[in-house]
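Structure record follows, encoded as structure tokens.
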Amino acid sequence: MIGKSWSSIQHGIQIGCAVVSFTLNSLLIFLILRHSPKTLGAYKYLMIYISVFELFYSLMDIIVKPVFHSYGSTFLVMVNVKESVFKTRTCLILGSIYCGCFGCSMAIFGIHFIYRYLVASGSKLLKSFNDWRIVTWFLVPLVYGSIWGCMAYGPVGQKAATGEHIRTNILETFDLRIEDTVYMGPYFYQKQPNGSSRIDIESITGMSVVFVIVCSSFFTIIYFGVKCYVLISKLAPSKRCFRSKALQSQLFWALVTQTMIPVILMHTPITLVYGSALLDKDIGMLSGFLSMTIAAYPAIDPLPSILIIPCYRKALIYYLKCCGRFEKKDDETSAGMNRNSSAVLSQSVIPAPPTELSTAF
């Protein structure tokens, strides 16, 4: 079955992206803890929070192994229970949590821009990130994610009508019985026995809530992003605030880049897929690309912070150079030992003691 091979490719890419995500996000957390300038303030905690979330997102990708599939007015996130170590009910809960992670990401983008604006404007609300109130900010993504996950579990969750609609298609495409899967997603226009279609109110309601979440996230990003850019541009070019302006500008452009990544990899593809289902247009296995682009998001997202923010970029280059130096010195030491050994064997003299290796730190 082509679909079965296609799902295997999806899983392989998901695992590969998860490995990259674990590596880069762990590296970024290390750089944040060891090499953040004092002027970064509470922003480093927000960055750590995002990296930890992305580690969790990648972990869920490996555990759930979601398969995305579109058929007519249905777009589904499926989990193959036969290939999972968990029972059906647990797979359904894990699938809902996975969908909830997408909702969490919506809120995280918005909070990111709000914080940058508060820093640039010197707002009194900035103090809320420096005391216990930061917990409130960190709870917002969890609320968004919980709402999204509940929609996936409830209104657009697993239904008998959806199962009957996709039964034959899933069997022909993936060689998989519908009883061996859990699935969640909208079924906008339910086929009736007389051949007519009925609008599913629960699917419309669930997706309306999701639409509000996405729109609120984009509004926050655009509104505070524009205001932040204007404020940073107006900072006086005096010596006193030159470093502050430079740092704020670097952080802002890192943030813009980090926002473009999910827009390209997550928001745009999922909008097209849901739009196709709403228009009753079947795109079939092409929707599977969404599982791969979503998996790539947490793997690529740390790169702007690592490469654009100078303190992290310079620290990484420094460590790479140190590794190169140590490897070179190890080679030189090994070569020297070989030469000394040859000299001992040929001349039977005691070699001079080796010189100490100077530390690079």
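The values are calculated or read from the model by the stated rules, or taken from the named source; none is laboratory data. Keep in mind the model is a prediction, meaning the values are calculated, not measured. FYI the Cβ positions are ideal-geometry reconstructions off the backbone, even for glycines, and counts take in every protein chain you see.
Of all residues in segment 282-313, those being among the charged types (D, E, K, R) and free of Cβ contacts under 8 Å to residues at least 24 places away in the same chain number 1. When Val77 is tested against (1) in contact with a Phe, Trp or Tyr (Cβ under 9 Å, 6 or more places away or on another chain); (2) surrounded by fewer than 23 Cβ atoms within 10 Å (Cβ to Cβ); (3) outside any helix (DSSP H, G or I), exactly one condition is not met: (2). Among residues of segment 162-185 that are without any contact (Cβ under 8 Å) to a residue 24 or more places away in the chain, those with a beta-carbon under 7 Å from a residue that is crowded, with 18+ Cβ neighbours inside 10 Å at least six positions away or on a different chain give the pairs Gly163/Ile178; Arg167/Ile178; Ile178/Ile166; Ile178/Ile170.
Give me the helices (runs of 4 or more DSSP H) completely within segment 214-319, filtered to those with at least 3 residues that are modelled with pLDDT of 85 or more, ordered by residue number.
Working: elements: 239-262, 268-278, 289-300, 302-308.
Because the criterion is at least 3 residues that are modelled with pLDDT of 85 or more, the helices (runs of 4 or more DSSP H) in segment 214-319 that meet it are 289-300, 302-308.
Among the residues of segment 50-74, those identified as in a helix (DSSP H, G or I), more than 17 Å from Gln14 (Cα to Cα) and in contact (Cβ under 8 Å) with a residue 40 or more places away in the chain are Ile50, Ser51. Taken over segment 114-156, the criterion of being without any contact (Cβ under 8 Å) to a residue 12 or more places away in the chain and either assigned to a loop (DSSP other than H, G, I, E, B) or under 23 Å from Tyr183 (Cα atoms) (or both) is satisfied by Gly122, Ser123, Asp131, Trp132, Arg133.
Selection over segment 59-84 of residues that are farther than 26 Å from Met207 by Cβ and either modelled with pLDDT of 90 or more or of a type in the set (Lys, Arg) (or both) gives a count of 3. Pick from segment 1-49 the residues that are part of a helix (DSSP H, G or I) and touching a Phe, Trp or Tyr at 6+ places or on another chain (Cβ under 7 Å): which of them is surrounded by the most Cβ atoms within 10 Å (Cβ to Cβ)? In this case the residue turns out to be Ser7.
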